[in-house]
Every structure is written in structure tokens, then in C-alpha cells.
1. Of Ser66, Thr92, Val117, which is farthest on the positive side of the dipole of segment 30-121, counting Cα position, with +1 on Lys and Arg Cβ, -1 on Asp and Glu Cβ, and the Cα centre as origin?
2. Could you check the simple spin-label distance between His146 and Ala7, using points 7 Å along Cα→Cβ, in nm with one decimal?
3. Mind checking the full-extension length gain between Arg14 and Gln36? Use 0.36 nm per residue of separation minus the Cα-Cα distance, one decimal, nm.
4. Using a 7 Å offset from the Cα along the Cα-to-Cβ direction at both Ala77 and Asp93, what is the distance between the two label points in nm, to one decimal?
5. What dipole magnitude, in Debye to the nearest 20, does segment 9-81 give about its Cα centre under +1 on Lys/Arg Cβ and -1 on Asp/Glu Cβ?
6. Across every pair of different alpha-carbon atoms, what Kirkwood hydrodynamic radius in Å does segment 97-154 reach?
7. Grab the Cα-Cα distance for Arg86 and Phe125, subtract it from 0.36 nm times how many residues apart they are, and report the gain in nm with one decimal.
8. Mind ranking 3-14, 45-56 by how tightly packed they are, going by the mean number of other C-beta atoms within 10 angstrom, highest first?
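Values quoted throughout were computed directly from the atomic coordinates according to the rules given, and no laboratory measurement underlies them. Values in this document were obtained by computation on a predicted structure and should not be read as measured data. So basically every Cβ, Gly included, is an ideal-geometry build from the backbone, and we count neighbours across all protein chains shown.
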Amino acid sequence: MTRWLNAEEQRTWRAFLHSSRALFDTLDRELQRDAQMPHAYYEILVRLSEAPERTMRMSELAEATSSSRSRLSHAVARLEESGWVRRKDCPTDRRGQLAVLTEKGFEVLVAAAPGHVEGVRSHLFDQLTPQQVRQLRDISEALLGHLDPERPLY
């Protein structure tokens with residue numbers, strides 16, 4: 001038997017769905033306008049910047065960015081064309097490859113980060129009370145714990 005959503009659940013679902021899409025679309029447009037990159041590329045640069053020696057195995061980078069390996073490979077190829085990332089063979093696994101954030105890529109990230117952080121702040125956190133921020137974190141962690149329990153939260 002189908003457990004249909006009641007009116008309150010339907011309203012909540014649609015508000016969540018549309019607000020999430022609107023937030024990510026807005027942040028993506030702002031990164032495109034201000035840094036000439038989509039949010040997916042920004043996330044790759046961030047993950048690499050936080051990794052030891054600004055280097056990650058391609059498979060780990062795909063997992064960290066919630067991307068398929070083929071989608072990540074395509075994105076990294078585009079980032080290589082820009083000179084922001086380079087690939088190199090993994091010294092411990094002949095089949096593996098590493099993605100390395102270049103100095104140029106790091107500079108691009110450093111330039112893009114303040115605008116992106118301001119967008120996140122103004123479009124998300126400035127719209128919520130401190131209590132709502134805590135609730136949003138709790139809700140998000142509960143969903144992630146159910147949907148992807150192996151994923152580290154931070």
C-alpha cells in the first residue's frame with residue numbers, strides 16, 4: 001500500500017525541493033559569473049586544496065565530490081585544459097591516477113572563494129535564525145546518515 005504524503009508533508013517536500021534547487025542554481029550562476037566555473041569544478045578545487053600535497057586519487061576525489069568516475073574524469077580533463085589541475089600516475093598502483101591542484105588552480109580557487117562564501121552566507125545563513133541553522137544541520141545529518149552512512153560529514 002502506498003503511503004501518500006499528507007498536505008503538510010507535500011508542502012514540506014515541495015518547499016525543500018524547490019529551495020534546494022534554487023539555492024544551488026543561484027550559487028552555480030554566481031560562480032559562473034564571477035569565477036567562470038561551475039560549482040562542480042569549484043568543489044573539485046576545494047577538495048584538492050584540502051588534501052595533503054593538494055593531491056587525491058581520482059577514485060577518492062569522485063567519492064568526495066559525489067560524482068561518478070566518468071563525470072569526474074571529464075571535469076578533470078576540462079580543469080587540465082585550464083591549467084588548474086594536472087593528472088599523474090599513482091606510484092603505488094599502476095592502474096590509478098592522481099589529480100593534483102596546480103598553483104594556478106589554487107590561485108583561481110583563492111580568488112573565487114570569498115565571493116562564493118558570501119553567496120552561501122547571504123542566500124542561506126543570513127536567511128535563518130541560529131536555531132534554524134542548528135535544525136538544518138541536524139536534519140541534513142539525519143538524512144545523510146540514512147542515505148549515505150559511510151560518507152564523512154565534514
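1. Thr92
2. For His146 paired with Ala7, the spin-label model returns 2.4 nm.
3. Difference between extended and current length: 4.9 nm.
4. The modelled label-to-label distance comes out at 2.1 nm.
5. Numbers: 11 positive and 12 negative charges, 56 e Å.
Around 280 debye, computed over segment 9-81.
6. Working: mean 1/r = 0.0703 Å⁻¹.
Across segment 97-154, the inverse of the average 1/r is 14.2 Å.
7. 10.6 nm
8. Packing order, densest peptide first, comes out as 45-56, 3-14.
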